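The structure under discussion appears below in the form of structure tokens.
The values are calculated or read from the model by the stated rules, or taken from the named source; none is laboratory data. A quick note: this is a predicted structure, and the numbers were derived from the prediction, not measured. Because the Cβ atoms are built from the backbone with ideal geometry, glycine has one as well, and the counts that use them run over all protein chains shown.
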Amino acid sequence: MNARNSAYNFQNVTNGTEAELLRLQEQALMGWDKEYRTLKQFGLEDGMKVLEVGAGPGFVTGQLLDHLPHSEITALDIDDALLEEAKHRLRHIPESRIKFTHASAYETGLPDHYYDFVVARLIFLHLHNPLQAAAEIRRVLKPGGKLVIIDIDDGVFGAIEPEIEVIPSIIKKLVQQQASRGGNRNIGRSLPRLLSSSGYTDIDMDAIIQHSDLHGLAGFKRQFDINRFTGFLNKGIITENEYDELKQSYENFDRSPDAHAMMLFFMACGTKPL
Ligand SMILES: C[S@@+](CC[C@H](N)C(=O)[O-])C[C@H]1O[C@@H](n2cnc3c(N)ncnc32)[C@H](O)[C@@H]1O
């Protein structure tokens, strides 16, 4: 199985797979305390059977295992290489606590009515058929079980100081490019209706802010690392002018002693009806 049903392709990242792993790690860990706080508010408890859909390299999986010592966790991903990375990272965890499933979110092969809680972090923006994935997750949830989708919306991605003026026009192009590959970088705004349309009830939603004054600048710098944008330039998605402007503004941001930034993540929760 490969990741062809997804707009995310780990093997084709232009910043290189090692830099991409570091980016995912920082992105996962920077705001974890806040995300976990909200997961608990939505009903996550130790001892629950938890499924993480699109677990990737397992950074969030590791946090779930640490925070839920009596839970059995399943980490599912469509990408073999990322799943191997997760297995290696979590090799010290006993098999009774962690299962790895190489499958698609559309067809997990997991049993009906098995999980109490499902976390899907930064995967739905890559899916061409999010309704199908949400329905498949509903199948594997117990009645009363919950799905929490954590995702972005590029309409309100965040803010950066000193400002990088070219960002809005680049983001617009990335949104279009993601849409052409079947994904949706504006999915945040649609999460409540995505959940209700796929049969979930008691919908709730919250926002998480990652701020460099709280979490450090390193993770933010990695998001705007110019190497992430070389592929977009080579494919003609962004112009040479935009690329050069981004490069210069990024260098300015990188050097500025006053640089700060914030990014927004959205968490939407739905319950499988009894
Ligand atoms: C940006 S990464 C996020 C990884 C992790 N959830 C995190 O927050 O760090 C997106 C992940 O979703 C996975 N993915 C994309 N489409 C998928 C699908 N159809 N089924 C299962 N996993 C998928 C990718 O392979 C990748 O590991």
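Numbers for the structure displayed
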read-out	value
Subset of the range 25-41 (residues that are surrounded by fewer than 21 Cβ atoms within 10 Å (Cβ to Cβ) and closer than 28 Å to G109 by Cα)	Q25, Y36, K40
Condition met for E18 (more than 9 Å from the ligand (Cβ to nearest atom), assigned to a helix (DSSP H, G or I), buried (at least 18 other Cβ atoms within 10 Å of the Cβ) and modelled with pLDDT under 95)	no
Search result, residues across the range 6-44 that are without any contact (Cβ under 8 Å) to a residue 40 or more places away in the chain and closer than 24 Å to L141 by Cβ	W32, Y36, R37, K40
Candidate set from the range 66-84 (those that are closer than 17 Å to V148 by Cα and among the aliphatic types (A, V, I, L, M)); member that is farthest from the ligand (Cβ to nearest atom)	L68
Residue within the range 144-161 that is closer than 13 Å to L51 by Cα, over 20 Å from the mean Cα position of the chain (by Cα) and at pLDDT 95 or above present	yes
Residue within the range 21-30 that is modelled with pLDDT of 95 or more and away from the ligand (no atom under 11 Å from the Cβ) present	no
Of residues in the range 31-57 being within 11 Å of the ligand (Cβ to nearest atom) and assigned to a loop (DSSP other than H, G, I, E, B), the one farthest from L131 (Cα to Cα)	G31
Residue match in the range 188-208 (condition: more than 16 Å from the ligand (Cβ to nearest atom) and on the phi > 0 side of the Ramachandran plot)	yes
Sole exception among (1) more than 13 Å from the ligand (Cβ to nearest atom); (2) under 22 Å from L24 (Cα atoms) for F124, by number	(1)
Subset tally (residues that are surrounded by 18 or more Cβ atoms within 10 Å (Cβ to Cβ) and assigned to a helix (DSSP H, G or I)) for the range 238-262	7
The lone exception for V175 - which of (1) within 28 Å of G109 (Cα to Cα); (2) part of a helix (DSSP H, G or I) it fails	(1)
